[in-house]
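Participant: So that we are looking at the same thing, I have put the structure below in structure tokens.
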Amino acid sequence: MRVLGFMSGTSLDGVDAAILDTDGVAVTGLGPALLLPFTQAEREVLLRATADALRTDGAEPAPASFGEASRTIVAAHVRAARALLARPEAGTIELIGFHGQTVLHRPERGLSIQLGDPAALAAALGVPVVARLRQRDLAAGGQGAPLVPVYHAALAHWLGSARPVAFLNVGGVANVSFVGEAGELTAFDTGPGNGLIDLMLQQRTGARYDDGGRLAAGGRVDQAALQAMMTSPYLDRPGPKSLDRHDFSLDPVAALDIADAAATLTAFTAASVADAVRHLPAAPRCWVVCGGGRHNRVMMAALRARLPLVTDADALGLRGDFLEAEAFAFLAARSVRGLPITFPGTTGVGGPTTGGEVFRP
């Protein structure tokens, strides 16, 4: 199948859209991809919904901001799809994988809220949409996250990677997918990715992120603050486990100037990834880094100082900015075939579990 996958992450930078050729088992080709940035007005709508989500328990009626955010998400995804499909090399897609916008992830309560109306998306684009990919796993006792590891395993096979290999996605949250010598999967969220750095900058300056790590490069890591963050009980828990980007506090860096805070938070992401190796079945032979965090040169230097053979996904011919969008195309293809998308080693679910609902135009 030729499948269009979407991802709009918690960093709220925009909609990633990517086309993948796949049967849900193997990757046979990569189609075009693009990022459609959110407008400032769209970001503000999504930020209001996220703030309201942090105050909800999932039982009461949804706040009005959820409806506005859902419409905003669909409109942005339709724009992204039409821009991508206008390219001659896009071809004809048969299916869409839609993640929606996560505004709250509380797996201990069996709750993960993604906003966006897949039926409206299917109607607007005239293509079946697979969505609600986390819910069956959550209902079966899993964490509902991470969902991407089965795609990482397919990429490891496609590349012929030496194993064991670890794929590290550094988005708002950082997560690792360990692919063992026999293809076995272990995965979990290691800790914050870019999320804490972004939140600190947004609160102090209104800037969205530390572009290229320039701010962190001018700062000094405060070892006391770093050690305070490294005492988080989350880091001691073995996987499977998953996070919401708001699960860690900025209090340890509150007294630091902005450059030192950025440097310390960047070091915390790298240190928490390195610490996570103790929860893996074996030490990976190499680490493939994807997601926005790999554009932060201070982050990459900190990872290389702590881990063996750290490689930017792009150096292997992959598209490090679009792996998650590709993954949701892959998951959609697996879902319509009834193939499992989560496993005991990735989400803690009792057995391999399929997921997703199909919304037809």
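Please treat every number below as a calculation from the coordinates, not as lab data. This is a predicted model, so every value here is computed, not measured. Cβ: placed from backbone, ideal geometry, glycine included. Neighbour counts: every protein chain shown.
Participant: Full extension from Asp251 to Arg71: what is 0.36 nm times the residue separation minus their Cα-Cα distance, to one decimal in nm? Before the final figure, lay out each step's value.
Facilitator: Working: separation 180, 0.36 × 180 = 64.80 nm, distance 3.46 nm.
Answer, rounded to one decimal: 61.3 nm.
Participant: Beta carbons within 10 angstrom, averaged per residue: use that to sort the peptides 39-45, 202-208, 147-153, highest first. Show your work: numbers first, answer last.
Facilitator: Details: 39-45: 13.4, 202-208: 11.4, 147-153: 25.9.
Most protected by this proxy first, the peptides run 147-153, 39-45, 202-208.
Participant: Using a Gaussian network model on the chain with a 10 Å cutoff between Cα atoms, which of Val15, Val253, Val170 fluctuates the most?
Facilitator: In the Gaussian network model the winner is Val253.
Participant: At a 10 Å Cβ-Cβ cut-off, how would you order Glu324, Glu184, fewest neighbours first?
Facilitator: Glu184, Glu324
Participant: Give the order of Phe66, Phe167 when sorted by the count of other beta carbons within 10 angstrom, beginning with the fewest. Could you put the intermediate results ahead of the total?
Facilitator: Details: Phe66 18, Phe167 28.
Ordered by Cβ neighbours within 10 Å, fewest first: Phe66, Phe167.
Participant: Search the structure for amide H atoms under 5 Å from the amide H of Phe359, placed 1.01 Å from N in the peptide plane, and list their residues when 5 or more places away or on another chain.
Facilitator: Close amide H contacts, sequence-distant or interchain: Val129, Val130, Ala131.
Participant: What is the distance in Å between the Cα centres of the range 206-236 and the range 104-179?
Facilitator: Here the answer is 26 Å between Cα centres.
Participant: Which one, Ala162, Ala80, Ala255, has the greatest fluctuation when you compute a Gaussian network model over the chain with C-alpha springs under 10 angstrom?
Facilitator: Ala255
Participant: Express the relative contact order of the chain as a whole percentage, based on alpha carbon pairs under 8 Å and six or more residues apart in sequence. Working shown, then result.
Facilitator: On the way: 811 pairs, mean separation 84.5, N = 361.
Relative contact order of the chain: 23 percent.
Participant: Related question: Can you compute the FRET efficiency between Glu357 and Arg79 using 1/(1 + (r/R0)^6), with r the Cβ-Cβ distance and R0 = 35 Å? Round to the nearest 0.05. Let's see the in-between values first.
Facilitator: Details: r = 24 Å, r/R0 = 0.67.
So, using R0 = 35 Å, E works out to roughly 0.90.
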